[in-house]
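Okay, structure first, notes after.
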Protein chains: 2
Amino acid sequence: MSEAMAARTEIRLAGEGGQGMILAGIILAEAAAIYDGKMAVQTQSYGPEARGGASKSEVVIAAGEIDHPEVLAADVVVTLSQEAFDKYAGSVKPGGLLIVDSDAVHSIHMSEAVKVPIGWLALHKTGKAITANTVALGVLVGLTGVVSRQAIEKAVTARAPRGTEEMNRMALEAGFEAAELVQRKAVGGV
Amino acid sequence: MSEAMAARTEIRLAGEGGQGMILAGIILAEAAAIYDGKMAVQTQSYGPEARGGASKSEVVIAAGEIDHPEVLAADVVVTLSQEAFDKYAGSVKPGGLLIVDSDAVHSIHMSEAVKVPIGWLALHKTGKAITANTVALGVLVGLTGVVSRQAIEKAVTARAPRGTEEMNRMALEAGFEAAELVQRKAVGGV
């Protein structure tokens, strides 16, 4: 995947309002642009559904100029709630990567989804379920390499509320570890 | 201005990194979409300049569907730093509104700029210079009515870090008051 990703990578992050998916999108874009020297655009669109539960953030990352800031065919979709899954799982392009919080999404009708208990890992690795968005970033970066681990760690640390930097670093690390477990399983190891 | 604004309003918020202009954009978009029932798109673009000082956030607000999320000709530009002013003041469209923090921008070469000592008001009304982004939202909403005062107050309160809600409400109020002073002066009163 990382070869195809060099040109332009479209990422959609979706969850419930309050799960920090907008912040996660900003952190990912900042990791790409500020720390990895790429270009990035990060967008939220709010329609009538903004008053409902699902919240969505989009990031486009490229090595060069970005003409269209919109996600046209998502390379990567992350969903942290059932509603977000129902709404956005289908928007991943064929051959793309769909990451699902299996702790929150119970009806997963797509066999190619990569299931990771993101909420559970957040709660048990850091003590705070609210770090699920950071765990999700770790999983995403671990599986795709769309930005470097150093870049995402710097970006997470820079945006973490004061006093929560260490907790968020742990959450990110938990996401990296989970990605390694997924990859090991995928290649038939263990 | 409020008539023309009904169709589509393009807003660009610019300042130094760390001044919270991205958050200000998110709050403005959420005020429009969640609390005022409009549609909104909020975007950050990061190019090579992301590693420099200026940070920029864009919001498009409309009554109906938004085709192009980009700011094409800004109706409103807010600049909270000299660098942001030098870079973005020229992007306001003819007849548009340029709001400048006169406390931070010392070389203001555009006579039509609306000068408000935003940083000074933030520091002296709330004790925290960091609330300048919220004061700026108050000035912007007070002068344009692009979202309702109730909507921006709810959106600010919802996004304010826990424990800072009252401080941010005060900052917003300071912005509203400053907008009233500007308008009174503009119509020749006092």
Item checked: chain B, relative contact order [Cα under 8 Å, separation at least 6], % -> 21 percent
Item checked: Fraction of beta bridges assigned by DSSP in the range A:1-157 that are antiparallel (%, nearest 5) -> 55 percent
Item checked: Around A:GLY52: net Lys/Arg minus Asp/Glu count, Cβ-Cβ under 10 Å -> -1
Notebook entry, point to check: Which one of A:ALA104, A:ALA122, A:ALA171 has the biggest mean-square fluctuation once chain A is modelled by GNM with Cα springs under 10 Å?
Noted result: A:ALA104
Next item on the list: Arrange B:PHE176, A:PHE85 by Cβ neighbour counts within 10 Å, fewest through most, would you?
Entry: B:PHE176, A:PHE85
Item checked: For the range A:106-180, Kirkwood radius (reciprocal of mean inverse C-alpha pair distance, Å) -> 12.4 Å
Check: Of the cross-linked pairs A:LYS56/B:LYS128; A:LYS128/B:LYS38; A:LYS154/B:LYS125; B:LYS56/B:LYS154; A:LYS128/B:LYS56, which ones have a Cα-Cα span greater than 25 Å in the structure shown?
Finding: A:LYS56/B:LYS128; A:LYS128/B:LYS38; A:LYS154/B:LYS125; A:LYS128/B:LYS56
Margin query: For a quick size check, give me the Cα extents of the protein assembly as shown along its three principal axes, largest first, whole Å.
Written below: 79, 38, 36
Check: GNM on chain B, C-alpha springs below 10 Å: top fluctuator among B:ALA40, B:ALA174, B:ALA129?
Finding: B:ALA129
Check: Which value, in Å³ per residue, describes the convex hull spanned by the Cα atoms of chain A?
Finding: 114 Å³
Margin query: Let me confirm one metric for peptide B:54-64, namely the mean number of other chain beta-carbon atoms within 10 Å of its residues' beta-carbons.
Written below: 1
Next item on the list: Based on other C-beta atoms within 10 Å, arrange B:VAL71, B:VAL156, A:VAL187 from fewest to most.
Entry: A:VAL187, B:VAL71, B:VAL156
Check: Measuring from a point 7 Å out along Cα→Cβ, what nm distances, shortest first, does A:GLU165 have to its partners in the other copies?
Finding: 2.9
Next item on the list: Can you work out the PRE-style zone for B:ASP67? Point 7 Å along Cα to Cβ, and I want the residues of the range A:34-66 with backbone N under 20 Å.
Entry: A:45-48
Margin query: Kirkwood Rh and Cα-based Rg: tell me the resulting Rg over Rh for the range A:4-75, rounded to two decimals.
Written below: 0.99
Checklist line | Computed magnitude of the charge dipole of chain A (debye, nearest 20; Cβ of K, R +1, Cβ of D, E -1) | finding: 300 debye
Check: Taking the axis about which chain B rotates onto chain A, which residue of B lies nearest it as judged by Cβ position, and how many whole Å separate them?
Finding: B:THR43, 2
Note to self: Suppose we keep just the DSSP beta bridges with both residues in the protein assembly as shown; what percent of those would be antiparallel, to 5?
What the structure shows: 60 percent
Note to self: Suppose each label sits 7 Å from its Cα in the direction of the beta carbon; what would the B:LYS185-A:ARG184 distance come out to in nanometres?
What the structure shows: 6.6 nm
Note to self: Between the range A:152-184 and the range B:118-187, what is the separation of their alpha carbon centroids in Å?
What the structure shows: 34 Å
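Readers should treat all values here as calculations from the given coordinates under stated rules, not as data from a laboratory. Owing to the predicted nature of the structure, the values given are computational and were not obtained by experimental measurement. Note that each Cβ is placed from the backbone with ideal geometry, even for glycine, and that neighbours are counted across all protein chains shown.
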